[in-house]
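Only one structure is covered here, and it is reproduced in the block below.
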Amino acid sequence: MRRPMASHSTIVILEAPLDSGLYRDALRLREEILRRPLGLRISNEELADDSMRQHFCAIDCGAVVGTVSLRPLDETTLHLKQMAISTQKQAARIGTRLMAHAERWGSEAGFRFIVAHARVGAEGFYLKLGYAPEGATFFEQTIPHLRVTKRLR
Ligand SMILES: CC(C)(COP(=O)(O)OP(=O)(O)OC[C@H]1O[C@@H](n2cnc3c(N)ncnc32)[C@H](O)[C@@H]1OP(=O)(O)O)[C@@H](O)C(=O)NCCC(=O)NCCS
């Protein structure tokens with residue numbers, strides 16, 4: 001993947017509480033990066049699911065350029081989803097930083113595993129970060145996905 005010139009010093013990662021301006025900006029980014037290219041909109045089910053999630057944003061010069069969210073599945077395992085980086089900022093390691101932040105948060109909160117549903121085609125991103133593929137591909141949001149898991153330190 002081509003690496004654009006990017007300075008990490010300007011990126012900060014913040015929690016985006018539900019109903020905050022940051023959360024609303026993250027929703028817009030998710031719609032643009034994850035839903036519109038599939039001809040979909042963010043559904044009411046997703047919004048309901050959001051209320052049970054911890055949301056994180058990557059911010060560059062005041063603009064939300066990345067987002068990810070976590071939800072406990074049980075006492076040991078977190079479900080990570082909504083991983084999206086703005087088109088202009090992809091391949092600048094912002095996704096890697098967001099994942100590291102989410103994993104650290106999970107680990108400090110006492111969770112031992114993270115699971116995610118990786119889009120087929122993007123699974124290489126997760127595998128490079130130490131996630132292991134599990135099982136067969138399945139369809140979600142109209143496209144094939146692969147379950148990936150990682151044990152937290
Ligand atoms: C996939 C995505 C989250 C990755 O974030 P990013 O900030 O662009 O990725 P990074 O710069 O941190 O890349 C880290 C490593 O993963 C690799 N990688 C990134 N995106 C990849 C992809 N789609 N497929 C395979 N490898 C990928 C990079 O090449 C890099 O590898 P390297 O360490 O050998 O250089 C981001 O590109 C994105 O939002 N894409 C569109 C939406 C999407 O597919 N989201 C995932 C839904 S499951």
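The values are calculated or read from the model by the stated rules, or taken from the named source; none is laboratory data. None of the values given here were measured: they were computed from a predicted structure. For neighbour counting, all protein chains shown are included, and Cβ atoms are generated from backbone atoms with ideal geometry for every residue, glycine included. All accessible areas refer to the heavy atoms of the entire protein, side chains included, with ligands and DNA or RNA removed. Shrake-Rupley method; radii C 1.70, N 1.55, O 1.52, S 1.80 Å.
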**Message:** So, residue 74, is that one away from the ligand (no atom under 16 Å from the Cβ), within 27 Å of residue 136 (Cβ to Cβ) and open to solvent by 50 Å² or more (accessible area, probe 1.4 Å) or not?
**Reply:** yes
Scanning segment 77-109 residue by residue, those more than 10 Å from the ligand (Cβ to nearest atom) and aliphatic (A, V, I, L, M) turn out to be 78, 102, 109
### Task
State yes or no: is residue 54 among the polar types (S, T, N, Q) and within 14 Å of the ligand (Cβ to nearest atom)?
no
Listed by first then second residue, the pairs whose first member lies in segment 75-91 and is under 20 Å from residue 112 (Cβ atoms) and among the polar types (S, T, N, Q), whose partner is open to solvent by 20 Å² or more (accessible area, probe 1.4 Å) and near the ligand (Cβ under 7 Å from one of its atoms), with beta carbons under 7 Å and at least 6 positions apart or on separate chains, are none
- Item | Condition check for residue 108: without any contact (Cβ under 8 Å) to a residue 24 or more places away in the chain and either among the aliphatic types (A, V, I, L, M) or within 20 Å of residue 12 (Cα to Cα) (or both) | yes
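Restricting attention to segment 132-143, which residues are within 11 Å of the ligand (Cβ to nearest atom) and without any contact (Cβ under 8 Å) to a residue 40 or more places away in the chain? Walk me through it before giving the result.
Step one: filter segment 132-143 for residues within 11 Å of the ligand (Cβ to nearest atom), giving 140-141, 143.
Matches in segment 132-143: 140 only.
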Considering segment 80-95, residues that are surrounded by fewer than 18 Cβ atoms within 10 Å (Cβ to Cβ) and not in a loop (DSSP other than H, G, I, E, B), and then whichever is farthest from the chain's Cα centre (by Cα), we arrive at 88
